[in-house]
């Protein structure tokens, strides 16, 4: 059975991507990634979910087709949890300060969630959500 899942994302400039994600609070596993000029191993969350960042030319070789033009479409939305509303606000500020695009400013959603959404320098879409489970509608 599958034990681990990791995501592979194409990037235009691995150094720029590492700089951006470091500035917003992510860490990297320097033991993985092979060639540091074309790849990096980004870790997310308490369980260290792996996002492998690959220069676009290397990524194209793996997937066997073209890379999505993130200025025109999105291939996925990566959602990350937050421990509080303040953590969402802090992340949005870090993203803006690091050169990311906060395309949905922190706001309430559905009465029990608070979040923001942003695009990293390569246009990949992310959102951060604080969920107040005590306010979640009963099913």
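Let's see how each residue does on (1) out of contact with any helix residue (DSSP H, G or I) (no Cβ under 8 Å at 6 or more places or on another chain); (2) in the same structural domain as residue 123 (by TED's automatic domain parsing); (3) in contact (Cβ under 8 Å) with a residue 60 or more places away in the chain:
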site	(1), (2), (3)
2	yes, no, no
13	yes, no, yes
22	yes, no, no
52	yes, no, no
57	yes, no, no
82	no, yes, no
102	no, yes, no
>> Which numbered condition in (1) in contact with a strand residue (DSSP E or B) (Cβ under 8 Å, 6 or more places away or on another chain); (2) within 29 Å of residue 136 (Cα to Cα) is the only one that residue 17 fails?
In response: (2)
>> Taking the criterion of being in a strand (DSSP E or B) and either closer than 28 Å to residue 130 by Cβ or in contact with a strand residue (DSSP E or B) (Cβ under 9 Å, 6 or more places away or on another chain) (or both), would at least one residue in the range 27-37 satisfy it?
In response: yes
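Residue by residue, here is whether (1) assigned to a loop (DSSP other than H, G, I, E, B); (2) surrounded by 12 or more Cβ atoms within 10 Å (Cβ to Cβ) holds:
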| position | (1), (2) |
| --- | --- |
| 2 | yes, no |
| 40 | no, yes |
| 43 | no, yes |
| 50 | no, yes |
| 67 | yes, yes |
> Can residue 130 be described as more than 18 Å from residue 7 (Cβ to Cβ) and at pLDDT 95 or above?
Replying inline: yes
> Of the residues that sit in the range 73-102 and are under 16 Å from residue 126 (Cα atoms) and assigned to a loop (DSSP other than H, G, I, E, B), which one is modelled with the lowest pLDDT?
Replying inline: 75
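The values are calculated or read from the model by the stated rules, or taken from the named source; none is laboratory data. Every value quoted in this text rests on a predicted model; they were computed, and no experiment measured them. Using ideal geometry, Cβ is built from the backbone for each residue, glycine included, and neighbour counts are taken over all protein chains shown.
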